[in-house]
Amino acid sequence: DAEITQSPRHKITETGRQVTLACHQTWNHNNMFWYRQDLGHGLRLIHYSYGVQDTNKGEVSDGYSVSRSNTEDLPLTLESAASSQTSVYFCASSDRASGYNEQFFGPGTRLTVL
Amino acid sequence: KNEVEQSPQNLTAQEGEFITINCSYSVGISALHWLQQHPGGGIVSLFMLSSGKKKHGRLIATINIQEKHSSLHITASHPRDSAVYICAVGNTDKLIFGTGTRLQVFP
């Protein structure tokens with residue numbers, strides 16, 4: 001069965017370190033998204049991609065970067081982790097070709113920056 | 001003002017009660033989504049609708065495009081329905097999310 005996975009599921013890091021969160025989907029979807037989820041906020045879009053070599057900034061992109069070298073993967077990198085980036089991160093994908101924008105979510109990564 | 005507003009923020013019910021969660025939005029949309037997030041975090045899509053009404057088991061979702069409002073109903077609620085229910089609206093490929101309604105159903 002097709003799926004979307006994230007790794008690691010939990011990560012503790014220190015301020016200033018570079019961290020990369022992995023997202024891998026086997027749906028063969030064109031679109032991939034990274035969100036963060038914090039108390040009092042809805043899911044907020046960090047970065048998104050509509051296909052290989054395409055990346056775009058979302059509403060909370062400062063301090064994050066992504067790259068899309070193949071259809072299946074969209075890794076999220078925190079260049080220099082800050083305590084404000086402690087959050088739960090969700091990756092999602094959707095199939096633009098279907099004409100619908102239903103998104104399928106990964107299980108999430110809980111990141112703590114000390 | 002948030003573009004997607006949900007009410008109530010928190011909801012407590014006794015098993016068997018009829019539950020209604022509301023979602024209002026202020027932007028033009030192509031579809032509205034209801035999502036469920038259980039403790040432990042996974043998010044699953046319950047409904048995607050652009051008009052009318054959809055039903056799946058004990059869950060019913062309705063949308064009124066003119067009033068920019070949607071409701072999610074749960075009939076005969078059960079403790080396993082305890083979760084956060086999230087409304088999201090989409091235009092193009094991106095979604096805008098509400099902050100969620102936390103539902104607890106007690107036996």
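Over the Cα atoms of the stretch A:34-95, the radius of gyration divided by the Kirkwood radius equals 0.96; this is the Rg/Rh ratio.
In a Debye calculation with equal point scatterers on the alpha-carbon sites of chain B and no solvent, what is log10 I(q)/I(0) at q = 0.12, 0.17, 0.24 Å⁻¹? Listed by q, the Debye log ratios stand at -0.36, -0.73, -1.39.
Annotation for the stretch A:50-114 versus the stretch B:59-107: alpha-carbon center distance of 24 Å. Burial of accessible area (probe 1.4 Å, heavy atoms of protein chains only) in the stretch B:30-51, relative to its chain alone, reaches at least 10 Å² for B:His33, B:Leu35, B:Gln37, B:Gly40, B:Gly41, B:Gly42, B:Ile43, B:Ser45, B:Met48. Taken about its Cα centre, the protein assembly as shown carries a charge dipole of roughly 240 debye when the Cβ of each Lys and Arg holds +1 and the Cβ of each Asp and Glu holds -1. Of the chymotrypsin sites (Phe, Trp or Tyr not before Pro) found in the stretch B:1-57, those in coil by DSSP whose Cβ has at most 13 other Cβ atoms within 10 Å are B:Phe18. Is the C-alpha gyration tensor of the stretch A:1-58 telling us rounded, prolate or oblate? Criteria: a/c under 1.5 is rounded; beyond that, a/b larger than b/c is prolate, otherwise oblate. Prolate. The trypsin sites (Lys or Arg not before Pro) of the stretch B:1-84 meeting both criteria, a DSSP state outside H, G, I, E and B (loop) and at most 14 other C-beta atoms within 10 angstrom of the site's C-beta, are B:Lys1, B:Arg58.
At a probe radius of 1.4 angstrom, the accessible area of the protein assembly as shown per residue rounds to 48 square angstrom.
Taking Lys and Arg as +1 and Asp and Glu as -1, the other residues whose beta-carbon sits under 13 Å from that of B:Cys23 total -2. Of the GluC sites (Glu not before Pro) found in the stretch A:31-106, the ones in coil according to DSSP and having at most 11 other Cβ atoms within 10 Å of their Cβ are A:Glu59. Split the accessible area of chain A by element, probe 1.4 Å, and carbon with sulfur accounts for 45%. Among A:Ser87, A:Ser61, A:Ser69, the largest mean-square fluctuation in a Gaussian network model of chain A, built with springs joining Cα atoms closer than 10 Å, belongs to A:Ser69. Solvent-accessible area of chain B (1.4 angstrom probe, protein heavy atoms only): carbon and sulfur portion equals 50 percent.
What residue among B:Gly28, B:Gly90, B:Gly42 shows peak mean-square fluctuation when chain B is described by a Gaussian network model with Cα springs under 10 Å? Top of the fluctuation ranking is B:Gly42. Distances over 33 Å make up what percent of all Cα-Cα pairs in the protein assembly as shown? Summing the P(r) of the protein assembly as shown above 33 Å gives 16 percent of all pairs.
Determine the total buried accessible area between chain B and chain A, counting protein heavy atoms only with a 1.4 Å probe; round to the nearest 100 Å².
1600 Å²
The values are calculated or read from the model by the stated rules, or taken from the named source; none is laboratory data. These numbers were taken from a predicted model, which means no experiment stands behind them. Using ideal geometry, Cβ is built from the backbone for each residue, glycine included, and neighbour counts are taken over all protein chains shown. Side chains included, ligands, DNA and RNA excluded: accessible areas come from the protein's heavy atoms. Shrake-Rupley method; radii C 1.70, N 1.55, O 1.52, S 1.80 Å.
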